[in-house]
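Colleague: Got a structure for you, written out below as structure tokens; questions coming shortly.
The values are calculated or read from the model by the stated rules, or taken from the named source; none is laboratory data. The structure displayed is predicted, hence computed values, not measured ones. Note that we place each Cβ from the backbone using ideal geometry, even for glycine, and neighbour counts take in every protein chain shown. Accessible surface areas use protein heavy atoms only, side chains included; no ligands, DNA or RNA. Shrake-Rupley method; radii C 1.70, N 1.55, O 1.52, S 1.80 Å.
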Amino acid sequence: MYEARPLRFMHNHGPVNVGLKHYLGQGILFLTVALTAFPDWIWDYAHTGFFMPSITHELSKLREEISKHDRLYYVDATPVISDREYDKLMQKLLELEKQHPELITPDSPSQRVGGEPIAGFVQVRHSVPMLSIDNTYNESELREFDQRVRKLLGTDDFLYIVEQKVDGVSASLVYENGILVQAATRGDGVTGDDITHNVRTIRQIPLKLQGKPPARLEVRGEIYMTNAELSRLNVIQKERGENILKNPRNVTAGTLKLLDSRIAAERKLHFFAYGEGSLDGLPVKAHSGFLDFIKSLGIPAVSHSQPVKTIDEVLAYCQTDLENKHSLDYETDGMVIKVDRYDQRMKLGVTTKSPRWVIAYKVELWQASTTINSVTLQVGKTGMITPVAELEPVEIDGTTVSRVSLHNFDDIAHKDIRVGDCVVVEKAGKIIPHVVRVELEKRPAKSKPLLPPTHCPVCKGNVAKDEGGTYLRCINPSCPAQLKERIRFFATRQAMDVEGLGPAVIDQLVDQNLVKSLPDLYELTLDSLMTLERMGTKSAQNLLDGIAKSKEQGLARVLTGLTIRHVGVSTARLLASEFGSIDELAQAGEDRISRIEGIGPIVAESIAEFFQQKSNRELIDRLKASGVKLTEDRKAPAAGTDDSPIAGKSFVVTGTLETMGRDDIEQLIRDHGGKTSSSVSKKTNYVVAGDKAGSKLDKAKELGVEVLSEKEFLAMIKK
């Protein structure tokens with residue numbers, strides 16, 4: 001606190017009026033006595049009257065700075081200061097507020113630490129009911145939802161937004177003049193519990209909004225706990241001798257129901273906004289605009305798509321997002337599909353239970369706990385190094401799982417996965433199993449972190465991260481592991497279809513230096529093959545015959561087998577059809593390639609780079625010298641005229657056929673002048689369906705596309 005200090009005066013010793021001296025002396029005496037006798041009164045007045053504005057300003061600046069760093073860390077994931085620097089700012093704020101408790105405000109970051117326990121929960125009535133939403137687990141019902149929306153709106157002119165369905169606890173937040181004033185659970189949809197005291201502790205939720213919020217803003221969202229936080233809490237639970245917490249959602253629900261917010265503050269909950277309450281005062285007309293708007297205010301929005309027009313685009317986004325589920329540190333159990341525009345939502349309306357403009361596309365989840373016995377490193381055909389966990393076998397949904405991909409070393413570091421760890425493995429629908437979290441409370445005492453390799457585990461060559469900085473690759477083009485994978489793919493049915501060239505034979509060919517690159521396959525002899533283990537004369541001759549036969553497969557198959565990055569079967573066919581020869585393609589350049597319908601700039605760049613590399617040009621020259629066909633025949637329709645029944649028609653082949661493989665029948669379609677596609681659309685003329693045709697058959701029926709059996713298709717060809 002401030003204290004009184006003695007006053008010192010310098011005075012002139014020159015001649016001064018005696019009366020003036022007397023009065024000056026009396027005044028100084030009076031002031032000295034006053035300061036000595038009433039220091040509390042004087043300095044309290046000085047404090048409140050003169051110094052308060054500067055302290056208020058300092059507190060305001062501190063709060064703004066801490067709130068900014070909270071947003072950068074918890075919402076934007078782009079922190080700019082260290083934890084230590086952040087702690088210093090917070091400590092300074094707490095000390096100043098302790099000295100001046102009358103200056104503490106509800107939106108101060110200090111209020112996140114939790115206060116004294118409350119007596120009980122107060123019931124809150126939602127201004128707009130928080131309705132439940134319908135859900136489905138299959139594609140057909142999702143397409144039926146799409147058809148209902150189109151029928152009720154009477155137009156195709158609308159857009160969808162696709163969001164992650166975070167598995168947490170729904171809550172509603174109310175801001176007035178930019179300040180958080182209330183948070184409530186969903187409850188029965190009409191009335192919920194006031195959980196403001198606990199929600200204040202969630203650092204992702206701003207206590208004060210930035211920008212220009214409306215006078216009243218109600219945001220709905222999901223409060224959740226990360227898998228990493230659950231693992232951390234269980235270590236503490238074990239140390240305390242308390243029960244182990246089973247899953248993040250249950251812990252989140254229990255935390256929000258605590259009367260003591262100090263415990264809630266210790267459990268690091270998170271928040272994503274996914275919806276709006278009342279629309280009054282919102283400067284937007286669609287949900288996509290709302291999500292952008294609340295992000296500008298500092299509120300984190302759930303991961304979502306850009307507006308998409310068709311149900312096929314919806315499904316494609318869902319599939320991609322679910323396949324990346326392994327990279328998330330929070331639980332999701334599907335996707336939510338919403339009509340974007342508010343006026344169209346109003347037209348669609350609601351049923352007694354749920355809105356007609358939204359549906360959840362869920363996946364079934366199964367989890368089991370097991371142990372990581374070891375981690376092996378696999379080197380793929382493009383050099384990508386993938387860590388794979390070798391597990392103590394465990395049954396999940398009727399399937400024995402003994403190994404799972406750990407994807408990359410960033411994922412490993414984020415989840416802190418180690419050999420010997422007990423982990424929770426999840427299988428989600430048709431998505432391959434993945435590690436959800438480590439059960440840290442069961443970790444062996446002497447476990448060590450898994451570090452990324454500094455050299456290729458096979459060839460010991462140099463490794464480097466991708467441009468995106470996630471995946472690690474061996475950059476040695478002569479790496480035998482890469483070569484083995486390239487040969488395996490080159491020999492597959494969708495590429496060169498070399499019968500007899502299996503994994504065991506490939507391993508020996510590479511290990512014995514009989515094959516150092518793809519063209520070496522065409523230089524193998526009977527004598528060289530006879531040196532391999534378990535290779536008889538007949539088997540060796542059959543393999544040579546298969547290799548010789550592959551020379552006539554044509555350009556599309558060769559391009560597929562070369563494993564050019566981003567080039568699969570469909571792209572290879574497009575390139576072969578467009579250019580006709582590998583020489584034409586090699587000279588085309590990126591701009592020319594990118595003009596082909598169905599090939600984007602990234603794929604075009606990858607193709608052009610492939611042909612610019614000297615080693616690849618030499619490889620092609622050797623294939624050409626070996627007699628491999630590097631051109632594509634552009635066959636006329638079988639009937640020889642434009643009147644061929646399938647010339648120019650688009651086909652989709654699906655299901656298991658009776659007498660032919662899918663690749664064979666697709667080739668037959670192309671040979672007769674037809675076109676093939678992997679997805680059904682309004683432009684599809686026919687779908688050839690076999691047994692277990694699935695969603696493509698459902699789509700064909702919805703769009704009125706003619707469906708043919710294999711026999712009907714073959715009869716059409718014979719005409």
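Colleague: Out of the residues in segment 597-616 meeting the condition of being within 29 Å of the chain's Cα centre (by Cα) and farther than 16 Å from Thr560 by Cβ, tell me which one is most open to solvent (accessible area, probe 1.4 Å).
Modeller: Glu597
Colleague: I've got another one for you. In segment 515-531, how many residues are farther than 14 Å from Leu623 by Cβ and either crowded, with 18+ Cβ neighbours inside 10 Å or among the β-branched types (Val, Ile, Thr) (or both)?
Modeller: 3
Colleague: Going through segment 673-699 one residue at a time, which ones are out of contact with any Lys or Arg (no Cβ under 6 Å at 6 or more places or on another chain) and either modelled with pLDDT of 80 or more or part of a helix (DSSP H, G or I) (or both)?
Modeller: Answer for segment 673-699, where residues must be out of contact with any Lys or Arg (no Cβ under 6 Å at 6 or more places or on another chain) and either modelled with pLDDT of 80 or more or part of a helix (DSSP H, G or I) (or both): Thr684, Tyr686, Val687, Val688, Ala689, Gly690, Ser695, Lys696, Leu697, Asp698, Lys699.
Colleague: Cβ contacts < 9 Å: first residue in contact (Cβ under 8 Å) with a residue 12 or more places away in the chain and under 16 Å from Gly187 (Cα atoms), restricted to segment 233-256; second residue open to solvent by less than 70 Å² (accessible area, probe 1.4 Å) and in a helix (DSSP H, G or I), any location; separation 6+ or different chain. Result?
Modeller: These pairs meet every condition: Thr255/Asn198; Thr255/Ile263; Thr255/Ala264; Leu256/Asn198; Leu256/Val199; Leu256/Ala264.
Colleague: Can you find a residue in segment 129-147 that is part of a strand (DSSP E or B) and under 25 Å from the mean Cα position of the chain (by Cα)?
Modeller: There is at least one residue in segment 129-147 that is part of a strand (DSSP E or B) and under 25 Å from the mean Cα position of the chain (by Cα).
Colleague: The conditions are (1) touching a Ser or Thr at 6+ places or on another chain (Cβ under 7 Å); (2) among the hydrophobic types (A, V, I, L, M, F, W, C); (3) open to solvent by less than 10 Å² (accessible area, probe 1.4 Å), and Val558 fails exactly one of them. Which is it?
Modeller: (1)
Colleague: State all residues of segment 617-632 that are open to solvent by 30 Å² or more (accessible area, probe 1.4 Å) and touching a strand residue (DSSP E or B) at 6+ places or on another chain (Cβ under 9 Å); if no residue qualifies, say none.
Modeller: Thr631, Glu632
Colleague: Ok, one more. Taking Val628 as the residue in question, decide whether it is closer than 22 Å to Glu485 by Cβ, aliphatic (A, V, I, L, M) and assigned to a helix (DSSP H, G or I).
Modeller: no
Colleague: When Val388 is evaluated against the numbered criteria (1) at pLDDT 95 or above; (2) under 20 Å from the mean Cα position of the chain (by Cα), which criterion, by number, is the only one it fails?
Modeller: Failing condition for Val388: (2).
Colleague: If Leu269 satisfies all but one of (1) among the hydrophobic types (A, V, I, L, M, F, W, C); (2) free of Cβ contacts under 8 Å to residues at least 40 places away in the same chain; (3) open to solvent by less than 60 Å² (accessible area, probe 1.4 Å), what's the number of the condition it fails?
Modeller: (2)
Colleague: Quick test for you: out of Ser305, Ser278, Ser296, pick the one residue that is polar (S, T, N, Q) and closer than 30 Å to Lys415 by Cβ.
Modeller: Only one candidate qualifies: Ser305.
Colleague: Let me ask something else about it. Inside segment 324-343, can you point out the residues that are more than 16 Å from Ile311 (Cβ to Cβ) and of a type outside the set (Asp, Glu)?
Modeller: Passing the criteria: Asn324, Lys325, His326, Ser327, Leu328, Tyr330, Thr332, Arg341, Tyr342.
Colleague: Same structure again: Confirm whether Thr196 is crowded, with 21+ Cβ neighbours inside 10 Å, of a type in the set (Ser, Thr, Tyr) and in contact with a strand residue (DSSP E or B) (Cβ under 7 Å, 6 or more places away or on another chain).
Modeller: So Thr196 fails the test.
Colleague: So in segment 184-208, with the set limited to residues that are more than 27 Å from the chain's Cα centre (by Cα) and hydrophobic (A, V, I, L, M, F, W, C), which one is nearest to Gly120 (Cα to Cα)?
Modeller: Ile195
Colleague: A further question on this structure: Just for segment 148-167: of the residues that are without any contact (Cβ under 8 Å) to a residue 24 or more places away in the chain and part of a helix (DSSP H, G or I), which one is farthest from the chain's Cα centre (by Cα)?
Modeller: Ranking the qualifying residues of segment 148-167, first place goes to Lys151.
Colleague: Report, by residue number, each residue of segment 168-183 that is over 30 Å from the mean Cα position of the chain (by Cα) and outside any loop (DSSP other than H, G, I, E, B).
Modeller: Glu176, Ile179, Val181, Gln182
Colleague: Let me ask something additional. Looking at (1) more than 30 Å from Cys318 (Cα to Cα); (2) at pLDDT below 95, which is the one condition that is false for Tyr175?
Modeller: For Tyr175, the failing item is (2).
Condition check ((1) in contact with a strand residue (DSSP E or B) (Cβ under 8 Å, 6 or more places away or on another chain); (2) among the aromatic types (Phe, Trp, Tyr); (3) open to solvent by less than 10 Å² (accessible area, probe 1.4 Å); (4) more than 24 Å from Phe610 (Cα to Cα)) across all residues:
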| site | (1), (2), (3), (4) |
| --- | --- |
| Arg534 | no, no, no, yes |
| Gly568 | no, no, no, no |
| Ile582 | yes, no, yes, no |
| Leu585 | no, no, yes, no |
| Arg595 | no, no, no, no |
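Colleague: Also, quick follow-up: When you check Ile417 against the structure, is it touching a residue at least 24 places away in the same chain (Cβ under 8 Å) and over 17 Å from Glu364 (Cα atoms), yes or no?
Modeller: Yes, satisfied.
Colleague: Another question, if that's okay. Applying the selection to segment 384-434, what residues are of a type in the set (Val, Ile, Thr), out of contact with any His (no Cβ under 9 Å at 6 or more places or on another chain) and outside any helix (DSSP H, G or I)?
Modeller: Across segment 384-434, the qualifying residues are Ile385, Val388, Val394, Ile396, Thr399, Thr400, Val401, Ile417, Val419, Val423, Val424.
Colleague: State which residue is farthest from Gly398 (Cα to Cα) when the search covers only segment 358-372 and only residues that are of a type outside the set (Phe, Trp, Tyr) and within 19 Å of the chain's Cα centre (by Cα).
Modeller: Per the criteria, the residue is Ala360.
Colleague: Select from segment 428-463 the residues that are at pLDDT 90 or above, open to solvent by less than 40 Å² (accessible area, probe 1.4 Å) and under 30 Å from Arg565 (Cβ atoms) and list them in ascending order.
Modeller: Pro433, His434, Val435, Pro453, Cys456, Cys459, Gly461, Val463
Colleague: Still on this structure, please answer the following. Hey, among the residues in segment 391-427 that are at positive phi and crowded, with 16+ Cβ neighbours inside 10 Å, which one's modelled with the lowest pLDDT?
Modeller: His407
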